[in-house]
Amino acid sequence: MNALKIAAIALIVVGVLGLVYGGFSYTKETHSGKLGPVEMSITERQTVNIPLWAGVGAIVIGGALLAFRVKRR
């Protein structure tokens, strides 16, 4: 399996996951403080939305790479 085929399959998988889930979220520590023996921290939950066109585009590009791969001599 060459690198181009692996990249094409990865694009298709990422595109499908983007369409199924529509985004992902993560936590980010924004502020922390220490007052004597007491430590405080504030975490925020951030959400990143993946646009529909990005998921479809990744699938189309991955499929095109698989279908029209250039043969080397």
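Every read-out reported here was derived from the displayed coordinates using simple, explicitly stated rules and does not represent laboratory data. Just so you know, these numbers come straight off a predicted model, no measurement behind them. Glycine gets a Cβ as well: all are built from the backbone with ideal geometry, and neighbour counts include every protein chain shown.
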Label point distance in nm, Ala7-Gln46, each placed 7 Å from Cα along Cα→Cβ: 2.8
GNM top mover of Leu35, Leu17, Leu52 - the chain, alpha-carbon springs below 10 Å: Leu35
Compactness of the chain as Cα Rg over 2.2 N^0.38 Å, two decimals: 1.82
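Counting only C-alpha contacts under 8 Å and six or more residues apart, can you give the relative contact order of the chain as a whole percent?
Reported as a whole number, the value is 44 percent.
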Degrees between helix 3-21 axis and first principal axis of the chain (Cα, 0 to 90, nearest 10): 50
